[in-house]
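Structure first, then comments.
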Amino acid sequence: MIPLEIGNLAVSHPPDWGLALGVSTARFAASTFTDTLDARSHVRKFTYATLSEWDVTRRQGRDEILAVAWELAANAIQHALRTSTGHTRRKAWLGLVRKDGAVVCAVTDPSPSLPQRQPYKLLDETGRGLLLVTRLSTAWGWSLSPAGTKTVWARVPTPSW
């Protein structure tokens, strides 16, 4: 695994992520999402459009990045954004950073609950998201902010960049 310094990702203003990582805006993109029905479509369209702008092809890991970004977003929707009342729309951020032969996908959500890999069971229909993230990325992890939010990130390699 390649060490990745990403502890400053969980900041109060997610658009500052690029500055915290020392990358220009040309190599950084971020978008908010909520737990609405169109969240999956929004996350996929945003990720695909960003990767297209960066000329990331299927051969360079586009599909793997799309899968990882969605899994991180889906975990935030399921475990951090859903409220019992359904009245308050809490937001999360998806950030994509292009750096050093990889794309880092990072999701910041309003929950301090840490991600937990579930034991793999052959017939289960859910609970494999972090297993997929582990298999498709060279490294993944999380950080907590002083504000009580967390960022979960994964580094997906982009061969032949």
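The values are calculated or read from the model by the stated rules, or taken from the named source; none is laboratory data. Since the structure is predicted, the reported quantities are computational estimates derived from the model, not experimental observations. As a convention, Cβ positions derive from the backbone with ideal geometry for all residues, glycine included, and neighbour counts pool all protein chains shown. Protein only, heavy atoms only, side chains kept; ligands, DNA and RNA dropped before computing areas. Shrake-Rupley method; radii C 1.70, N 1.55, O 1.52, S 1.80 Å.
In region 134-160, which residues are of a type in the set (A, V, I, L, M, F, W, C) and within 14 Å of Asp63 (Cα to Cα)?
Just the residues of region 134-160 that are of a type in the set (A, V, I, L, M, F, W, C), to begin with: 136, 139-140, 142, 144, 147, 152-154, 156.
Matches in region 134-160: Leu136, Val156.
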Is there a residue in region 91-106 that is open to solvent by 70 Å² or more (accessible area, probe 1.4 Å) and more than 13 Å from the chain's Cα centre (by Cα)?
-> yes
Within region 39-50, is there a residue that is at pLDDT below 90, within 14 Å of the chain's Cα centre (by Cα) and farther than 18 Å from Arg98 by Cβ?
-> yes
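Does Leu51 satisfy the condition of being within 22 Å of Leu144 (Cβ to Cβ) and either in contact (Cβ under 8 Å) with a residue 60 or more places away in the chain or open to solvent by less than 40 Å² (accessible area, probe 1.4 Å) (or both)?
Numbers: within 22 Å of Leu144 (Cβ to Cβ): no; either in contact (Cβ under 8 Å) with a residue 60 or more places away in the chain or open to solvent by less than 40 Å² (accessible area, probe 1.4 Å) (or both): yes.
The answer is no for Leu51.
Are any of the residues in region 14-27 over 18 Å from Val133 (Cα atoms), of a type in the set (A, V, I, L, M) and modelled with pLDDT of 90 or more? So that I can check it myself, show each step before the final result.
Just the residues of region 14-27 that are over 18 Å from Val133 (Cα atoms), to begin with: 14-27.
Narrowing the set further to residues that are of a type in the set (A, V, I, L, M) leaves 19-21, 23, 26.
Now narrow it down to the ones that are modelled with pLDDT of 90 or more: none.
For region 14-27, residues over 18 Å from Val133 (Cα atoms), of a type in the set (A, V, I, L, M) and modelled with pLDDT of 90 or more: absent.
I'd like to check something: does region 80-93 contain any residue that is in contact with a helix residue (DSSP H, G or I) (Cβ under 7 Å, 6 or more places away or on another chain), at pLDDT 90 or above and not charged (D, E, K, R)? Step through it out loud before you land on a result.
If we filter region 80-93 for residues that are in contact with a helix residue (DSSP H, G or I) (Cβ under 7 Å, 6 or more places away or on another chain), which is where we start, we get 90, 92-93.
Next, from what is left, pick out any that are at pLDDT 90 or above: 92-93.
Still in the running and not charged (D, E, K, R): 92-93.
Yes, some residue in region 80-93 is in contact with a helix residue (DSSP H, G or I) (Cβ under 7 Å, 6 or more places away or on another chain), at pLDDT 90 or above and not charged (D, E, K, R).
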